[in-house]
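> Sharing a structure with you now.
The values are calculated or read from the model by the stated rules, or taken from the named source; none is laboratory data. What you see is a predicted model, and the numbers here were worked out from it, not measured in a lab. Here the Cβ positions follow ideal geometry from the backbone for every residue, glycine too, while neighbour counts run over all protein chains shown.
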Amino acid sequence: MGVKMSGEPVIAIAGARKGFGAVKALDGVDFTVTPGECIGLVGHNGAGKSTLVNIINGGLNLDEGRISLSGGEPVDSYSIRVARAHGIRCVFQELSMCPNLSVVENVRIAHAGMKGFGWRSRARKVVSELLDVIFPDHGIDCRRAVGDLTIAQRQMVEIAIAFSSYNSTTSLVILDEPTSSLDASRAEQLIAYVKSFTGAGGAVIFISHILGEILDAASRIVVMRDGQVVSDKPSGEFTVNSLVQAMGSVAAASSERRATVVRSEGEKPVASFPRSRDAVEFKAYKGELVGLAGLSGQGQTQLIVDLYTSVSGDWKSRREPQAAFVAGDRLSDGVFPLWSILRNMTIAMLSEWRRFGLTDPAREAAFADGWHEKIGIRTKNLDNPILSLSGGNQQKALFARALGTSAPIVLMDDPMRGVDIGTKQDVYLMLREEADAGRTFIWYSTEMDEVCVCDRVYVFREGSIARELTGDAVTEENILAASFGERTS
């Protein structure tokens, strides 16, 4: 695996402070990583995790504090180059590969020493062998452009590249929400490899809002809140509830389904697709939470795209939209990265507010301020760039954009990627309230807990719907059985 076997800390940070204007992202943090351990790093969105990761990766400089590597003296000038030279790699929550290049070419970027005749074959060997080890039966052609891969495949490739070694050792891999686009079986494969990697002397920092994964993968858990470390203990001393309490969550722990939605006789669906081949016919009714489940890449996202196209009609925006969309792949399908938070929140409503070809700035500001407070976006100034927010807070802005419209149907493509447990519970309650008022939600998620709060679930297998589950039949066991079992007619 090319890991570095040493008893000295891979990295030690002391008294770390980092601010962005009036915001203290890190406020006196001490953090040490030693070989052979997997550290679970948890905390709500905005707790300081991403800032700490970027400090360790060399992407940000400390305002105050010291960084030491391999047990040596503090480093005077720490950078990405220095971090990589000491075997520190990072898989970011927002995937960072070049989409116009092939997988092989992205490997070459990660390993600058891979030069000369035959480098393509060497690069393909490096990434293919690790993909085979970490994600057996992955089915990824490394000659393809990254942009042609599904988001789950891109995540698997980026993980494999981070763990790969070429004429160097890999001592520490930072995994920031590494399973956010992976289904349960792929997530289990990754966690098994993390245990193998750390067992051989490597180190991992594992960041996830799926607390069960943290408890499974980590040997030690560090909890952050408001830029500080508030707890640092062996993982065996935590439970899901104690982790939530340490993070400071005030969210309700329950995510049970609503009572069964009662439909009138002869009621027509608000969205449907006819039965094709031997698949189950898709229908969604007014006021329902409809889940799309199954292994990733089985056609769930394509159904959402097809539904949006069929309901919206054409490319021209309508004054009264029929459907709104919440993306899970924020950078590709969600945010406008050069725009402010306010503009990202209000863009979908501008056609509804238009009068004589102009929009009302006061109404726009009032809308944004209202949703800023309602959904709890952590910023003092909505004129800041959208990318100044943490990933979870960016996602809140996308929810505000969709839920603020008058659209009767909301389509959601794995929208909770990288969102903390407190925010999730807030969003669940909001969706229930909106559904009780008659709005229909069609929701694809790779997280089983989310799918199980839905009124009805369509399970996908081999590119089409294999089974429909309703009411009490919506359970993890039934979903898994339909995902791997025979299709039903």
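> Could you tell me whether Gly139 is out of contact with any Gly (no Cβ under 8 Å at 6 or more places or on another chain), surrounded by fewer than 19 Cβ atoms within 10 Å (Cβ to Cβ) and assigned by TED's automatic domain parsing to the domain that holds Leu52?
Criteria met by Gly139.
> Quickly run through the stretch 353-370 and pick out the residues that are at pLDDT 80 or above and among the aromatic types (Phe, Trp, Tyr).
Phe367
> Test Ile375 against the criterion of being β-branched (Val, Ile, Thr), more than 18 Å from Glu288 (Cα to Cα) and in contact with a Pro (Cβ under 7 Å, 6 or more places away or on another chain), and give yes or no.
Against the criterion (β-branched (Val, Ile, Thr), more than 18 Å from Glu288 (Cα to Cα) and in contact with a Pro (Cβ under 7 Å, 6 or more places away or on another chain)), Ile375 does not qualify.
Every residue, every condition in (1) assigned by TED's automatic domain parsing to the domain that holds Arg186; (2) modelled with pLDDT under 80; (3) assigned to a loop (DSSP other than H, G, I, E, B), yes or no:
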position: Ala402; (1), (2), (3): no, no, no
position: Leu411; (1), (2), (3): no, no, no
position: Gln425; (1), (2), (3): no, yes, no
position: Glu434; (1), (2), (3): no, no, no
position: Gly438; (1), (2), (3): no, no, yes
position: Ile442; (1), (2), (3): no, no, no
position: Asp449; (1), (2), (3): no, yes, no
position: Val459; (1), (2), (3): no, no, no
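> Taking Ser388, is it over 25 Å from Thr179 (Cα atoms), touching a residue at least 12 places away in the same chain (Cβ under 8 Å) and small (Gly, Ala, Ser)?
Against the criterion (over 25 Å from Thr179 (Cα atoms), touching a residue at least 12 places away in the same chain (Cβ under 8 Å) and small (Gly, Ala, Ser)), Ser388 does not qualify.
> In addition: Could you tell me which of the residues Val223, Val244 is of a type in the set (Val, Ile, Thr) and at pLDDT below 85?
Answer to the check: Val244.
> Asp132 passes all but one of (1) over 20 Å from the mean Cα position of the chain (by Cα); (2) in contact (Cβ under 8 Å) with a residue 12 or more places away in the chain; which number fails?
Every condition holds for Asp132 apart from (2).
> I would also like to ask the following. So for the stretch 383-406 (the condition being of a type in the set (Phe, Trp, Tyr) and buried (at least 23 other Cβ atoms within 10 Å of the Cβ)), does at least one residue qualify?
yes
> Just checking, which of Ala279, Ala271, Ala259 is touching a strand residue (DSSP E or B) at 6+ places or on another chain (Cβ under 7 Å) and at pLDDT below 70?
On inspection, the qualifying residue turns out to be Ala279.
> Here's a follow-up. Restricting attention to the stretch 191-206, which residues are crowded, with 23+ Cβ neighbours inside 10 Å and outside any helix (DSSP H, G or I)?
Once the filter is applied, which keeps residues that are crowded, with 23+ Cβ neighbours inside 10 Å and outside any helix (DSSP H, G or I), the stretch 191-206 yields Gly202, Ala203, Val204, Ile205, Phe206.
> A further question on this structure: Quick check on Gly463: is it at pLDDT 85 or above, at positive phi and out of contact with any Ser or Thr (no Cβ under 9 Å at 6 or more places or on another chain)?
Considered against the rule, which asks whether it is at pLDDT 85 or above, at positive phi and out of contact with any Ser or Thr (no Cβ under 9 Å at 6 or more places or on another chain), Gly463 comes out as no.
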